[in-house]
Each structure stands twice: as structure tokens, then as C-alpha cells.
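J.: Pasting a structure here, questions to come.
Nothing in this text is a laboratory measurement; each read-out follows from the coordinates by a stated rule. Bear in mind the structure is a predicted one, so any value in this text is a computation, not a measurement. Backbone-built Cβ (ideal geometry, glycine too); neighbour counts: all protein chains shown.
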């Protein structure tokens, strides 16, 4: 589970709830949470508003999720090479 998804769940919001509150499509939110796409600034701002948190906080969570993904991918390649 990503930090962005955990934040949504912590606030007891479904994807549909977050979609309605943010004005974003459910698919967009799902793709951001699953690290399928890197969110644009406008997406972060809208989603943060829907979740009731600052856009800076959501940006930091999203960046940390992507950093974890990149490090995990790197570690997986490094283990194979050893």
C-alpha cells in the first residue's frame, strides 16, 4: 500500500468519495496510488483538496512512494547482478 492510498484510507474515503470530493476521475486516483503514473501538480492540488490535506503534504507522500519504488527496482536489479 502506498502512502497516498494509506492517507485516503485513513480518512475513511473510498475511491469514489475521493473522486467526488476532488473532482478527479476514480481511475486517475487509482493510477496515482498504484504508481502507474506520476501525478501532475494540478492533480496533486485537486486530490489534496479532496482529502483535506495540504498539497505540499500530498506531494511529499507521492514523492516518497516513487522513491521507494525506484529503490526497490534498483535493489532487485542489484541482487540479480551479484
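J.: Take the residues in region 1-16 that are free of Cβ contacts under 8 Å to residues at least 40 places away in the same chain and more than 19 Å from residue 67 (Cβ to Cβ); name whichever of them is surrounded by the fewest Cβ atoms within 10 Å (Cβ to Cβ).
T.: Among those residues, the one meeting the criterion is 12.
J.: Can you tell me which residue is surrounded by the most Cβ atoms within 10 Å (Cβ to Cβ) among those in region 26-82 that are part of a loop (DSSP other than H, G, I, E, B) and in contact (Cβ under 8 Å) with a residue 12 or more places away in the chain?
T.: Checking each candidate, the answer is 39.
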